[in-house]
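Right, one structure below, let's go through it.
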Amino acid sequence: MYAVTKRIEFCYGHRLLDYNGVCAHPHGHNAVVEIEVSSTTLDARNMVVDFSEIRNVVKAWVDQELDHKMILRQDDPLVAALRALGEPMYLVDTNPTAERIARLIFDISRQHGLDVSRVTLWETPSSWATYTGA
Ligand SMILES: [Zn+2]
């Protein structure tokens, strides 16, 4: 089995609802996301996929939708206030945890035709979440 991995960095803010801890308050992260594509075979170029193809698909989406935005649960009371101020947000239907954001990027990659096998999102250098779709 072959696997290639592309690393992308972005910044986001979030908070967790129904949660007791510091992450209940709005705060931000410098995130690192790894997108892995696996295959038992290589293409005519002897590649699983070109690194630039992963970059073009995923980084373009992340830059446009998530980078420097608040990622919030859609029923978060902050949404109305930030919307009124014209602040950019990305809304999800669950708490915007590292696990949820990893799955979001996994699903978006698949929707863009990238046959990803793993997405790992580092919230901090010592805390990360992985989604494999399995
Ligand atoms: Zn956080």
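Some observations on this one:
- Rg/Rh ratio calculated on Cα atoms of the chain (Kirkwood radius): 1.02
- Quotient of the Cα radius of gyration of region 14-57 and 2.2 N^0.38 Å, N being its number of residues: 1.99.
- Largest GNM mean-square fluctuation across T94, T120, T40, computed for the chain with C-alpha springs under 10 Å, falls on T40.
- Heavy-atom accessible surface of the chain: percent carbon and sulfur, 1.4 Å: 50 percent
- Accessible surface area normalised per residue over the chain is 56 Å², counting heavy atoms of protein chains with a 1.4 Å rolling probe.
- Among V119, V33, V92, residue whose mean-square fluctuation peaks in a GNM of the chain (springs only between Cα atoms under 10 Å): V92
- For the chain, built as a Gaussian network whose Cα springs stay under 10 Å, the top-fluctuating residue of L91, L104, L42: L42
The values are calculated or read from the model by the stated rules, or taken from the named source; none is laboratory data. Just so we're clear, the structure is a prediction, and the values are computed from it rather than from any experiment. SASA here: full protein model, heavy atoms, side chains in, ligands and nucleic acids out. Shrake-Rupley method; radii C 1.70, N 1.55, O 1.52, S 1.80 Å.
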